[in-house]
Structures are given as C-alpha cells and as structure tokens.
Amino acid sequence: MSEPQYRLIALDVDGTLLDPAHLLTPRTRAAILSAQRRGTRVCLATGKLLASVRPLLAELALGGLHITCNGAALMDAAAGEAVAAWPLSPPQISEALAAIRECAPEMGIAWYTTDAIYTDAPPASPLDVTLGAYHEPALRHVARLAADALPPPLKFLMTGDHSSLLALRDGLLERIGATMTVTRTTSDFVEVMALGVSKGHALGELITRLGMPRAAVVAFGDGENDIPLLDAAGLGIAMGNAMPALLPHAARATLSNAEDGVAVALAEMGLADW
C-alpha cells in the first residue's frame, strides 16, 4: 500500500468531528477508522481535557499525542500526561482574572489544568451546565481562584449568551490582547491563554516531534479558535457550519457536522471509505 499524501489528520472535536448533539456518528467513525487502516495518523485538537475525550479515543482506536485545552497542552493518550504545556504565568493569571472580572463580573471562570477544571462559581452554575453538555468532567468548586492555591492554569474559560460573550471578547482584547491570547471558541465560550498559545502552535510542535512536513497535514475545524490550526496545516478544511471568520483560512469546505462533513471530505480525498 502506498503512503498517503496526507500523513496526519488534525481534527477539532465539537462542531467538527462530533455532530450537533456532541456525538460521533457511525459514518464518521467508519471514515476515521478507515483512514487509520490506510496508514494516516489522526490527532484530536480540542479545547477539552484529555479525560473528556477518553471515550472518543477508545471508540476511534486512537493513541499517540493529542492537542488539548485549545492548544495549551500536547497530551500523550497512553500515559495520560502532557509532553508539552504552555500555562499562564503568575503575572498573566492576575492580569487576566482582573480583566475578566472587570468586563463580566457576573460570569463564572473555569480554571483549566491538564487534568481538572476549577471554579469559584457556585455549584450548578451556568459553567457546570454548559461544560457538562460538552462532556467535561465535573467542575471542582473552590473558595478562590489564585496561583498560590491551585495548579498552573492552561486557560481560563467563560460562558454566557452570545452577545455577552462577544462583548467580553472585545473587552478582553482591548485590555489584555497584547499580552495574552483571547479567542472565542464555540459560540458558547470565550477563552484566555498565554500569548502565542493556539491549536496551530501545538500542531507545529506535534509535526516537529513526528518529523513530518507541514504539507503532509490536513486539518478540519469550525470555530474562530481553529484559525491557527488550519493555518498550520498543509490543507485546511472548514466545516459547513463554520464561523464566517474561519472561511478565509480554509482551502476548501465540506458539509456540516450534521451531515458527516469530515467523512465526506476524507472519502472525496481518497483518504478513507465510509
């Protein structure tokens, strides 16, 4: 069997690999398994924790390294540990928390580490409900969010209605956009990470470790946070449900995640059967 043109498929998870109900469809599962049988590696590139995608990794028979926390960590699926991570520094933590609370004092803040999510929001908050719908593990509620009390955060995440999140993103970009990465991920979240951290940065680290050229990588995404991921790949593909901001960064588009867009594109490219 000849080696495929594309040797690595990097996949955003929610809004891309999974359908609108955050489920893996049989057709997409079949396509991913088929691509692996043909010799193509598959890497998940998600905003979630590794623990949150463990069932997905098992269902797709995926080992190796995967991008988590929106690019703030590169995780070894077998060991369950980070091989590389880019947390916020103590000064960035203080600056980011102050900016978030100034822009949106009513919003809870999720403090992500490699293996847990902390918050000082009350139990059963919107964070608990929304992150639960995305299959994240139960949040750990603490009295305060502080660098001297918790493991280093890989990112901060906030949720709310769409207009509030847009206002929060714009406010954070004005206050800390020069010193930290601020992005809207799905329509449900705004996130803050260390400057330069992104799925694209983590993908670059991964392909360097694999000794693989950028041209051998195809990436799929749907959100604003997937812009660096598509930019870092040899071929970027936007889902049919993608945010408009992503489209100029994609070389081609496929159907939506409700229509097995990943499976359709892989079949059209000869990378998989489905």
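Each value in this text was obtained by applying a stated rule to the coordinates, not by laboratory testing. From a predicted model like this one, the values you see are computed outputs, not experimental measurements. Here Cβ is always computed from backbone atoms with ideal geometry, including for glycine, and neighbour counts include all displayed protein chains.
Candidates L166, A99, T130 compared by Cα position along the dipole of segment 90-194: farthest toward the positive end lies A99, with charges placed on Cβ. The magnitude of the dipole of the chain, with charges of +1 and -1 set on the Cβ of Lys/Arg and Asp/Glu and taken from the Cα centre, is near 640 debye. Note on segment 90-194: with charges restricted to the Cβ of Lys and Arg (+1) and Asp and Glu (-1), its dipole about the Cα centre is near 120 debye. Using a simple spin-label model with pseudo-atoms 7 Å out from Cα toward Cβ, E259 and L173 lie 2.9 nm apart.
Only one residue of A178, F220, A35 has its Cα farthest out toward the positive end of the dipole of the chain, where Lys and Arg carry +1 and Asp and Glu -1 on Cβ, and that residue is A35. Placing a pseudo-label 7 Å from each Cα along the Cα-to-Cβ vector at A61 and A133 gives an inter-label distance of 3.4 nm. Net charge in the neighbourhood of L56 (other residues with Cβ under 11 Å of its Cβ; Lys, Arg +1, Asp, Glu -1) is +1.
To the nearest ten degrees, helix 162-176 and the longest principal axis of the Cα atoms of the chain are 70 degrees apart. Judged by the mean number of other Cβ atoms found within 10 Å, the most tightly packed of the peptides 173-183, 254-264 leads the ranking 254-264, 173-183.
Taking the longest Cα principal axis of the chain as reference, the axis of helix 26-37 is set at about 70 degrees. For segment 63-91 versus segment 145-169, the inter-centroid distance based on Cα atoms is 18 Å.
For the listed peptides 156-168, 131-143, a ranking on the average number of other beta carbons within 10 Å per residue, highest first, reads 156-168, 131-143. For S163 and N241, the FRET efficiency from 1/(1 + (r/R0)^6), where r spans their Cβ atoms and R0 equals 35 Å, is about 0.95.
Candidate values (1) 1.66; (2) 0.96; (3) 1.06 were compared with Cα Rg over 2.2 N^0.38 Å computed on the shown model; the agreeing label is (2).
For the peptides 51-60, 195-204, the ranking by mean Cβ contacts within 10 Å, running from highest to lowest, is 195-204, 51-60.
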